[in-house]
Amino acid sequence: MNVFIVGIAGATGSRVAKLLGEHGDYVSGLYRRPEQISALDAVGAIGILGDLTTISEQELASAANGADVIVFTAGAGEQDNDSMTDCVDGDGVRKAIAAARLASISKLLLVSVFPEAWRERNMPKSFEHYMAVKKRADVELVHSKLAWIILRPSALTNEPGTGSVSLSPAEIHTAISRDDVATTIATLLHSPRVQNTILEVTAGDTTIASAVAALN
């Protein structure tokens, strides 16, 4: 499989790249800072230097040309302002959808967010803006006429993965390791019958292989 990852140098994207590379897939992706290329080289991924906030749809399509699927793991990050959230989590997804069309790539997997994430906390106004942008991106992908998967992980941690999750269209928001999210993404990509579905994933007791197989 030929996979192009938008956000390949990020905490989740780099894990996905490593797993896919170990599986024998061809993996490439967009990275933002020159110093990130050594980490991509180490996992056998091909990096294309570019900034998602300024790259054109055509440039992104050229970078992803030949891919079977685009995986979007990029995110502005909670430290950034509303305009950066708009550029990355909103416009970035729109660019990825347009690039997929231009490059005749039929499928896009989007890493999104639990809709009720942390709503019980006293979150800043910028958090609600972030949630609204993520929701609009989900809606745009659903109506894009691409084959799509939207994966909504609960709160991400850097703890070692357990290899087990709870995965379905609706889960209770708790927490999940980035390792387990990456493994879930890699497993979903190798399950072609799973598409046009929104899935929530959090820590659980079902092996990832079994959880994905149950979706078929």
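The values are calculated or read from the model by the stated rules, or taken from the named source; none is laboratory data. From a predicted model like this one, the values you see are computed outputs, not experimental measurements. FYI the Cβ positions are ideal-geometry reconstructions off the backbone, even for glycines, and counts take in every protein chain you see.
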Filter result for GLU128 (out of contact with any helix residue (DSSP H, G or I) (no Cβ under 9 Å at 6 or more places or on another chain), outside any helix (DSSP H, G or I) and at pLDDT below 95): no
Cross-chain or 6+ apart pairs with Cβ under 7 Å, the stretch 82-94 first and more than 22 Å from LEU109 (Cβ to Cβ), then at pLDDT below 95 and assigned to a helix (DSSP H, G or I): ASP82/SER126; ASP82/HIS129
Boolean, VAL194 is free of Cβ contacts under 8 Å to residues at least 60 places away in the same chain, of a type in the set (Val, Ile, Thr), in contact with a Leu (Cβ under 9 Å, 6 or more places away or on another chain) and not in a loop (DSSP other than H, G, I, E, B): no
Exclusive hit being at positive phi, surrounded by 16 or more Cβ atoms within 10 Å (Cβ to Cβ) and either at pLDDT 95 or above or not aromatic (Phe, Trp, Tyr) (or both), set GLY7, GLY47, GLY92: GLY7
Verdict on VAL69 being modelled with pLDDT of 95 or more, closer than 22 Å to LEU188 by Cα and out of contact with any strand residue (DSSP E or B) (no Cβ under 6 Å at 6 or more places or on another chain): no
Filtered residues of the stretch 65-84 (kept if under 18 Å from the mean Cα position of the chain (by Cα), within 21 Å of ALA11 (Cβ to Cβ) and of a type outside the set (S, T, N, Q)): VAL69, ILE70, VAL71, PHE72, ALA74, GLY75, ALA76, GLY77, GLU78, MET84
